[in-house]
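Notes to accompany the following structure.
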Amino acid sequence: MQLFYNSNITSSDQQFTFDKVESRHIVKVLRKKEGDFLNITNGNGFLFTAKIDIASEKKCTVTITKVIEKNNPRPYKLHIGIAPTKNNDRFEWFLEKATEIGIDEITPLICERSERKVLKLDRMQKIIESASKQSLKYHFPVLHEPISFKDFVNKTRHTNSFIAHCENNEKEALHTQLIKASDTTILIGPEGDFSLSEIQIALKKGYLPVHLGESRLRTETAGIVAVHTVAIQNA
């Protein structure tokens, strides 16, 4: 199934008109014509079946013929707070793969040892949207604005709240600490790891220290391992 995305479509709409860019893609590139049906999501859990009424490159108009509200297939919500990598491509790879596996919220963390503090959020949002469509997701992950590590831990915590760090402090494997079907927050640090003071702040806020295996992982790899571990534990 080919899935189209538009955040502006709502469950009360009977007709919808795509903008010029999307219309051209549907009509010119994909060669869709009047009478053809499209599957569309708004990323908020709805699947719309729509029939093309006007197949114009400048204004493709459809009639909504069916609306289905899709439940989130996962019994938990996952929020990853992760430091952006110095190399943009690596962080974008994380966003793509985490979306495919299953994640609800992503917050870029600005840490003491962060090497990148400015992000192209528009580009990253498009990567998330593309990965969501490709993997047939109806609930798209939310990409938040970057926030300081301290501000994040002061306001964000779930039943399962963990900080994955590389210090030799006592810590357990993530998969042994997860509570199944519970909302989860996991903190992933920058290439130089969290500072000792950041680790202490998180611990005081109730985050449990965990490791992701015996290997020392890159930031983006650690993020993927964390997302996958939660998915496997809830399978």
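The values are calculated or read from the model by the stated rules, or taken from the named source; none is laboratory data. Quick caveat, the model's predicted, so the values are computed rather than measured. All Cβ positions, even for glycine, are placed from backbone atoms using ideal geometry, and neighbour counts span all protein chains on display. Heavy atoms of the whole protein, side chains included, go into the accessibility calculation; ligands, DNA and RNA do not. Shrake-Rupley method; radii C 1.70, N 1.55, O 1.52, S 1.80 Å.
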Query raised in the report: For helix 219-233, what angle does its Cα long axis make with the longest principal axis of the chain, in degrees from 0 to 90 and rounded to 10?
Result: 80 degrees
**Report entry** Amide H within-cut-off set for Asn44, under 5 Å, with H built and near neighbours excluded
**Finding:** Phe140
Report summary line: Beyond 31 Å (Cα-Cα) in this structure, taken from Lys20/Lys133; Lys126/Lys205; Lys86/Lys126; Lys33/Lys77; Lys86/Lys150; Lys28/Lys133, we find Lys126/Lys205; Lys33/Lys77
Query raised in the report: For the pair Glu105 and Gln15, how long in nm is the line joining their label points, each one 7 Å along Cα→Cβ?
Result: 3.9 nm
Requested in this report: Mind running the shape call on region 143-235? Use the C-alpha gyration tensor, a ≥ b ≥ c as the square roots of the eigenvalues: rounded below 1.5 for a/c, prolate if a/b tops b/c, oblate otherwise.
Outcome: rounded
Requested in this report: Write down the accessible area per residue of region 102-235 in Å², having rolled a 1.4 Å probe over the full set of protein chains.
Outcome: 50 Å²
Query - Heavy-atom accessible area ranking, 1.4 Å probe, most first, across Val21, Val27, Val62 - result: Val21, Val27, Val62
Report summary line: Given backbone amide H placed at 1.01 Å from N, residues whose amide H is under 5 Å from that of Ile188, ignoring those fewer than 5 places away on the same chain, are Gly81, Ile82, Ala83
Query raised in the report: Relative to the first principal axis of the alpha-carbon coordinates of the chain, what is the inclination of helix 88-101, with its axis defined by its Cα atoms, in degrees from 0 to 90 and to the nearest 10?
Result: 70 degrees
Query raised in the report: With all protein chains present, how much of the accessible area of region 1-102 (probe radius 1.4 Å) comes from carbon and sulfur, to the nearest whole percent?
Result: 45 percent
Query - Degrees, to the nearest 10: 121-134 long Cα axis against longest axis of the chain - result: 70 degrees
Report task. Note down the accessible area of Ser130, probe 1.4 Å, to the nearest 10 Å². Result -> 70 Å²
